[in-house]
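The values are calculated or read from the model by the stated rules, or taken from the named source; none is laboratory data. Note that the coordinates shown come from a computational prediction; the quantities given were computed from them, not determined experimentally. Every residue, glycine among them, receives a Cβ derived from its backbone with ideal geometry; neighbour counts consider all protein chains shown.
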Amino acid sequence: MTSILKVDNLQDASGSGTPYIKGAVLDVYQHTSSTQTSGNSTANYNSTGLFLTLTPKSSASKFLVTFHGAVHGNTADGYVVANIVVNPTSSTDINTVMTGGTLITDQTYGMAHINIVSSVYVSQLSASILHSPNTTSPVTYNVVFKRAVRGVTFWSINNTLTTLTAMEIGG
């Protein structure tokens, strides 16, 4: 015997909202930009201007956070390094030097990097991570970049489209 369940709408037990389903994608958020920015610091990350501020539906929620961007370094043997900072205390405006917050990884070459082998080299940087903020307070994810070694680095080179996407997963 086969059963078919047909409904027009699902609500949680209180009847006030959508049911919270563990492991399901609860929501998808995206921020895009096509504004080129540059940085020449090896010590500090600069904001790309890509950020999302999200309020988790549960403290058990996780966010699959992904970024993509075209980068360029103007000096051979330099590196472009990209990372995500969570809850920065500084502005998320483009090219702002980031202060406060927590980097997703504190490794030297961030979440993604490219070694510039020629001053005419352009590449795509992408990375993703499943992050557990463990809170129901708002969480800000900001894509940041910097140079390593030498030269000047560029994010969204030639004003190409860059993206930051976050999917909330029920935990």
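Quick look at the values:
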read-out	value
Members of the stretch 83-139 that are surrounded by fewer than 15 Cβ atoms within 10 Å (Cβ to Cβ), in contact (Cβ under 8 Å) with a residue 60 or more places away in the chain and either touching a Pro at 6+ places or on another chain (Cβ under 7 Å) or under 14 Å from V71 (Cα atoms) (or both)	S126, T135, T136
Residues satisfying the stated conditions in the stretch 57-80, i.e. farther than 30 Å from G170 by Cα and crowded, with 24+ Cβ neighbours inside 10 Å	V71, G73, V80
Residue match in the stretch 146-162 (condition: touching a Pro at 6+ places or on another chain (Cβ under 7 Å), surrounded by fewer than 22 Cβ atoms within 10 Å (Cβ to Cβ) and either without any contact (Cβ under 8 Å) to a residue 12 or more places away in the chain or on the phi < 0 side of the Ramachandran plot (or both))	no
The stretch 87-125, residues that are β-branched (V, I, T), at pLDDT below 90 and part of a loop (DSSP other than H, G, I, E, B)	T108, V117, V120
